[in-house]
Amino acid sequence: MNNVDDVLKVVTIGLIVAVFLLNTTRFAKAIELCKECLFILRHTAGIKDEKLSKSFYKRLYLLMWNTCNRICDNAGAIKYAEKLLLIYRESGEKLKEYKLSIKLGGMYFHQSKYKQAKQLTEKTLLISKEIGDRNGEAWCYGKLGIMYSSVGEYKKATQHLEKALAINKEIGDRNEEATSYLNLGIMYKSFGEYDKARELFEKSLVILKEIGDRNNEATCYDNLGTLYDLIGEYEKAKELYEESLAIHKEHEDRNGKAACYANFGCLYLSTREYEKAKELFEKSLVIFKEIRDRNNEATCYGNLGNLYKSVGEYEKATKNLQKALAIKKEVGDRNGQATSYGNLGNVYSFLGENGKAREHLEKALAIDKEIGHRYGEATSYQSLRVMYKSVGEYEKARDHFKKSTCDRQRNWRQKWRSCLLPNPWKRVCITWRI
């Protein structure tokens, strides 16, 4: 096929058919056809109109990106979004670059690619200031605050989240003001300032009730529930989870309902009511499988693994934690992989399988260092310290203890508590809102 006009006609028809395949849920065929179209474009000499050529590439990458999003292929979605973003930059399409950067930054974050997420969001922040988008500027500050908090840089996190709050107040955006209070509350909860966290959650809740935002009212109840769970006020936590669950049922929000079951399970795990915890984790797992939420499916396996460890059923614990790890690898969640390696390492250490324990804990540590997760690093060093102490290697134990002493060590037990993500930029055990 040498005639350029014929090639462009074929690619145009291919695009139309690919859209039809996407709309009829034949996702794999849609992507395969787009790849064939890309191959034809790349191997056709004589397309002199660069603008026309780029328009085809844009349409193909956009279609492939949308398809990957539909099937939760996170690696594919990131790959095609990066290619699309490059074309927008080369073409000077600033607004499209800006909007796509916001979405791509979110994808990086959920894949624990904190470095890429931060770099892209900082660029997005500059564009928001350049085009005078105050809402976007506040959103970027909020997202950067969450990123810094996720890797344990709390001073920077506070500065960015407070900037987001200030802008949202200034422009009168009540919904985003509630978001800022909630995100600041989550951060204070992360390092144990529970009174301050409760005050911020309650401010957020007042606004959400005032504007009638029932879904995010449920998010606030979730966070207040986890706070009361952490400080041992289990009855109060239970009341708040019940409030949240009622709203999720009212709105037929299966994702939120599944996440709420998991939080209830964590509560019963705290009170050592293991049968109730198991039942709720399994309910949560069934829903996440049905709605094809692979990341939270992995989280459920992690919760079940930790439960079985608590009751001494180590074979079942190992099996569930291995399932969690396999899915975290599949979806590319590096932070989740580190947590899974750490949890498996702790189980092997408890069983006296010190070779396997060291191998898994060192893998967890390597990932935590790679993604810049300071709290995760401290946790991994602490777990290695415990392992070395148990086998009488006291010098190595002391060395790892020194390395583990950072401001997040006191919250080490929370490494065992998985955190669910019911939808983008939200979590229920710790529910970020953006």
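The values are calculated or read from the model by the stated rules, or taken from the named source; none is laboratory data. Predicted model only: the values in this text are computed from it and were never measured. Every residue, glycine among them, receives a Cβ derived from its backbone with ideal geometry; neighbour counts consider all protein chains shown.
The table that follows gives values for the structure above.
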item: Residue satisfying all of: in segment 102-123; part of a helix (DSSP H, G or I) and among the polar types (S, T, N, Q); modelled with the lowest pLDDT among these; result: Gln116
item: Residue match in segment 52-61 (condition: surrounded by 21 or more Cβ atoms within 10 Å (Cβ to Cβ) and at pLDDT 90 or above); result: yes
item: Selected residue [in contact with a helix residue (DSSP H, G or I) (Cβ under 7 Å, 6 or more places away or on another chain), among the charged types (D, E, K, R) and at pLDDT 95 or above] from Lys323, Lys319, Lys329, Lys309; result: Lys323
item: Breaking point among (1) without any contact (Cβ under 8 Å) to a residue 12 or more places away in the chain; (2) of a type outside the set (Val, Ile, Thr); (3) on the phi > 0 side of the Ramachandran plot, for Cys72; result: (1)
item: Some residue of segment 86-95 being over 30 Å from Thr121 (Cα atoms), assigned to a helix (DSSP H, G or I) and more than 26 Å from the chain's Cα centre (by Cα); result: no
item: Unmet criterion (only one of (1) buried (at least 18 other Cβ atoms within 10 Å of the Cβ); (2) over 15 Å from Cys300 (Cα atoms); (3) of a type outside the set (Ser, Thr, Tyr); (4) touching a helix residue (DSSP H, G or I) at 6+ places or on another chain (Cβ under 6 Å)) for Lys356; result: (1)
item: Test: Thr121 is within 26 Å of Asn295 (Cα to Cα), touching a residue at least 60 places away in the same chain (Cβ under 8 Å) and crowded, with 22+ Cβ neighbours inside 10 Å; result: no
item: Criterion violated by Leu285 - all others in (1) buried (at least 20 other Cβ atoms within 10 Å of the Cβ); (2) at pLDDT below 95; (3) hydrophobic (A, V, I, L, M, F, W, C) satisfied; result: (2)
item: Residues (over 22 Å from Gly212 (Cβ atoms) and in contact with a Ser or Thr (Cβ under 9 Å, 6 or more places away or on another chain)) located in segment 232-258; result: Gly232, Tyr234, Ala237, Ala258
item: Sole exception among (1) among the basic types (Lys, Arg); (2) part of a helix (DSSP H, G or I); (3) over 19 Å from the mean Cα position of the chain (by Cα) for Lys289, by number; result: (3)
